[in-house]
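Worksheet: the structure to be examined is printed underneath.
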Amino acid sequence: MNQKVGVFLSRMQPLHNGHLGIIDIVFKENQKVVILIGSKNKNGTVRNPLHVNLRTDILKETLRKRYGKEYEERIFIRELPDWSMETDFDSNLEWGRYLYYNIVSVCEQRQFSIYFSDEREIIENWFEDSLKKRINFRLFERKDMFEGISSTRIREAFLNNNKKYIEKSCPEAVINKYEEIKKILKEVNFDPKEDFSIS
C-alpha cells in the first residue's frame with residue numbers, strides 16, 4: 001500500500017529557516033519525508049559555494065534536534081548530483097525524468113507530493129504530462145515566506161559580517177559553523193570556479 005510521501009528538493013547553500021518552514025509542512029502532511037540536497041557534484045562556485053558534505057551535516061544535525069526519534073523513522077535524506085552543466089541547451093524534460101526516477105528509487109512508489117518554493121512554471125516544465133499525473137504539486141511563493149529569505153541573501157550577510165541577520169535567519173547548526181562558512185565564502189568570492197562547473 002502506498003504511503004503519503006512528500007519530497008523537498010533544495011541546494012541549501014546554506015540551510016535557513018525558510019527551508020525548515022517547508023520541511024515542517026512536508027513532515028506534517030506526509031508519512032514519509034524525502035529531502036534531496038541538490039547539486040551534490042558542485043562546490044566552489046558563487047551559486048554553489050559549500051561542499052555537499054557540509055550541507056548534509058548541517059541538515060542532519062538540525063533535523064535530529066527538531067524531530068527527535070521521528071527523524072530516524074520518517075525522514076530520508078539523499079544527495080542528488082546535477083545531471084549536467086545546466087547550460088541553456090539542457091532539456092527540462094530530461095532533468096524531470098532524472099529527478100522523478102531518483103525520487104521513486106528512494107520512496108519506492110510512483111506517486112508522491114513535491115514541495116517547491118519558486119515559480120510554478122519552473123517545476124511544472126520539468127515533467128511531461130504522464131509524470132505530472134503521478135505528482136501532487138505543493139508550491140510556495142518564496143517572497144511570502146520568512147520575509148523573502150534566501151540563501152543568496154544569507155551568503156551576502158556572511159560576506160558583510162552581518163551575523164545578526166544570520167542568527168535571525170538560520171538554525172543553530174549554521175550559526176555554530178559561522179567562521180568556517182564565512183571563510184569558505186570569502187575564498188570562493190575571491191577566486192570562484194565557473195558558476196556551472198562540475199567538481
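The values are calculated or read from the model by the stated rules, or taken from the named source; none is laboratory data. Quick caveat: nothing in here was measured; it's all calculated off a predicted structure. Glycine also receives a Cβ, built like all others from the backbone with ideal geometry; neighbour counts cover every protein chain displayed. Only protein heavy atoms, including side chains, enter the accessible area calculation; ligands, DNA and RNA are left aside. Shrake-Rupley method; radii C 1.70, N 1.55, O 1.52, S 1.80 Å.
Numbers at a glance
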read-out	value
q = 0.14, 0.17 Å⁻¹, the chain: log10 I(q)/I(0) [Debye, one scatterer per Cα]	-0.84, -1.24
For the stretch 35-43, Karplus couplings with θ = phi - 60° (6.51, -1.76, 1.60), whole Hz, Gly/Pro x	10, 9, 8, x, 6, 4, 8, 10, 6
Charged-residue dipole, Cβ positions (Lys, Arg, Asp, Glu), the chain about Cα centre, Debye nearest 20	680 debye
The stretch 45-53 - phi-based ³J(HN,Hα) in whole Hz, Karplus 6.51/-1.76/1.60, Gly and Pro as x	10, 4, 6, 10, x, 8, 5, 4, 4
Karplus-derived 3J(HN,Hα), 6.51/-1.76/1.60, for each residue of the stretch 55-63, Hz, glycine and proline x	4, 5, 4, 4, 5, 4, 4, 5, 6
Amide N of the stretch 123-151 lying under 18 Å from the label point, which is placed 7 angstrom from the Cα of GLN111 along Cα→Cβ	129-138
Contour minus Cα-Cα distance for PHE140 and ILE122 (0.36 nm per residue)	5.3 nm
Degrees separating the helix 92-107 axis from the principal Cα axis of the chain, which is the longest one	80 degrees
Accessible area in square angstrom per residue, the stretch 1-50, 1.4 angstrom probe	32 Å²
Net charge contributed by nearby residues that have their C-beta within less than 15 Å of SER130 (K/R +1, D/E -1)	+1
Helix 178-190 axis, angle to the chain major axis (alpha carbon atoms, nearest 10°)	90 degrees
Formal net charge of residues neighbouring LYS177 (Cβ-Cβ distance under 12 Å; K, R +1; D, E -1)	-2
13 Å beta-carbon shell around GLU61, net charge (K/R +1, D/E -1)	+4
Apportionment of accessible area to carbon and sulfur, the stretch 53-195, percent (1.4 Å)	45 percent
Selection from PRO192, ASN176, MET12 lying farthest towards where the dipole of the chain points positive, charges on Cβ	ASN176
Angle between the chain longest axis and helix 17-29 axis [Cα atoms, degrees, rounded to 10]	20 degrees
